[in-house]
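This report refers to the structure that appears directly beneath it.
The values are calculated or read from the model by the stated rules, or taken from the named source; none is laboratory data. These numbers come from a predicted model, not from an experiment. Cβ placement follows ideal geometry from the backbone for every residue including glycine, while neighbour counts extend to all protein chains displayed. We work out accessible area using only protein heavy atoms, side chains counted, and drop any ligands, DNA or RNA first. Shrake-Rupley method; radii C 1.70, N 1.55, O 1.52, S 1.80 Å.
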Amino acid sequence: MTGRRISLAGLTQAQRTTAITVAAVLALIATVVGATLVSGSGNRDLASDTPGKGGGTHSPSAGTHTPSRPATVPVPDSIQHQPEAAGKAVNITIDDGPDPVWTPQVLSVLKQYGVHATFCMIGPQAAAHPDLVRRVVAEGHRLCDHTVHHNESMDHKPLAYQKSEILDALDMIEDASGGAHVQYYRAPGGAFTPASRALAAQHGMRPLGWNVDTKDFSRPGVNAIMHTLKYEISNGPTILFHDGGGDRSQTVEALRQALPWLRQQGYAFSFPKVK
């Protein structure tokens, strides 16, 4: 603060004491104001972070698990079915895990036949079994965000709910994997919305559909699973199996039959296109 100097000469003792007290208070106020301004300017960049960009996080209303993540490159938000590989190829996708009993068995069958798959994981399942998530990554498979609660009516929920389901699951899967890139987002039951697709794509996750639902989730029997696969394979290249949600012994056996059968039909194995 600046101003005319005050002379204490000629003042009474009481006036001098008052003048000294006022000056001390003004100096204290100036110090506090200056420190506040410096602190405020230092936090400006944090307040201006944009969700999904480098260093930014989603709104606290979207969930409490909000670590910062590195910048991601947006991808197209249309629902993908096509394989990366040229020619005749299929994409094996495995949903609802990881499961400590069935995921290791699915991984063993895939390894036996030299096939890589995309694992669509439930966030809390990934958080509970990080060893399996890291094994999936280490064995060359890809990760897909399959939300927190697998709510098949997500397309009827508010955007804030969808955002929480998608981004909180993404955080859980990334953390469990040790930072591996989650390349896809699959809506439970196919309950995509334009907004949820756009949100996933902005975070580098291509919306992922399917063409062949083997119906293995309902455990109709291995023969029925194989019949559905053979009947629907002409629908398109992305095939849906499950490693979570209950007893998957039929799925494991069906994969043992399906993978060599697909190869005999001339199919190669691929991942869904990201871009």
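Listed by chain and number, the aspartates and glutamates whose C-alpha is less than 20 Å from the C-alpha of K275, apart from same-chain residues fewer than 8 away, are D77, E84, D145. Cα centroid separation, the range 100-152 to the range 203-270: 15 Å.
With R₀ fixed at 45 Å, the C-beta to C-beta distance from L159 to S218 puts the FRET efficiency at about 0.90.
Checked against a 32 Å cut-off, the cross-linked pairs K163/K273; K88/K163; K111/K163 give Cα-Cα distances beyond that limit for K88/K163; K111/K163. Both the radius of gyration and Dmax for the range 121-174 are 12.0, 37 Å, in that order, over alpha-carbon atoms. With R₀ fixed at 41 Å, the C-beta to C-beta distance from Y231 to A180 puts the FRET efficiency at about 0.70.
Does the range 203-275 come out rounded, prolate or oblate by the C-alpha gyration tensor, with a ≥ b ≥ c the root eigenvalues, rounded set by a/c under 1.5 and, if not, prolate when a/b is larger than b/c and oblate if not?
In terms of gyration-tensor shape, oblate.
Here the accessible area is traced with a 1.4 Å probe on the protein chains. For the range 136-238, carbon and sulfur cover 51 percent of it.
For the range 110-116, 3J(HN,Hα) computed residue by residue from phi via the Karplus equation (6.51, -1.76, 1.60; θ = phi - 60°) reads 4, 5, 4, 9, x, 10, 9 Hz, glycine and proline entered as x.
If you filter the range 126-209 for GluC sites (Glu not before Pro), then keep DSSP loop positions with at most 15 other Cβ within 10 Å, what is left? Answer by residue number: E139, E152.
Could you compute the net charge surrounding P272? Neighbours are other residues with a C-beta less than 9 Å from the C-beta of P272; K and R count +1, D and E count -1.
Summing Lys/Arg as +1 and Asp/Glu as -1 gives +2.
In this rough spin-label picture, where each label sits 7 Å from Cα along the Cβ direction, the S249-Q202 distance is 4.7 nm.
Roughly how many Å² is the accessible area per residue of the range 134-251, as a whole number, for a 1.4 Å probe?
37
Across the range 101-177, the mean sequence separation of Cα contacts (distance under 8 Å, 6 or more residues apart), normalised by length, yields a relative contact order of 37 percent.
At 25 °C and 0.890 mPa s, what whole-number value in µm²/s does Stokes-Einstein give for the translational diffusion of the range 138-270, with Rh from the Kirkwood sum over Cα pairs?
Answer from the Stokes-Einstein relation: 152 µm²/s.
Every Cα-Cα pair of the range 91-149 was included, and the share exceeding 12 Å stands at 62 percent. Across the range 83-137, C-alpha contacts under 8 Å between residues 6 or more apart give a mean separation that, scaled by the residue count, equals a relative contact order of 42 percent.
The packing ranking, built from the mean of other Cβ atoms within 10 Å per residue, places the peptides 233-239, 87-93 in the order 87-93, 233-239, highest first. With the cut-off at under 19 Å, measuring from each backbone N in the range 213-233 to a point 7 Å along the Cα-to-Cβ line of Q265 picks out 213-217, 220-233.
Amide H contacts under 5 Å for Y185: D145, R206, L208, restricted to partners 5 or more places along the chain or on a different chain, H placed in the peptide plane at 1.01 Å from N. A protection proxy built from the mean count of other Cβ atoms within 10 Å ranks the segments 221-229, 247-255, most packed first, as 247-255, 221-229.
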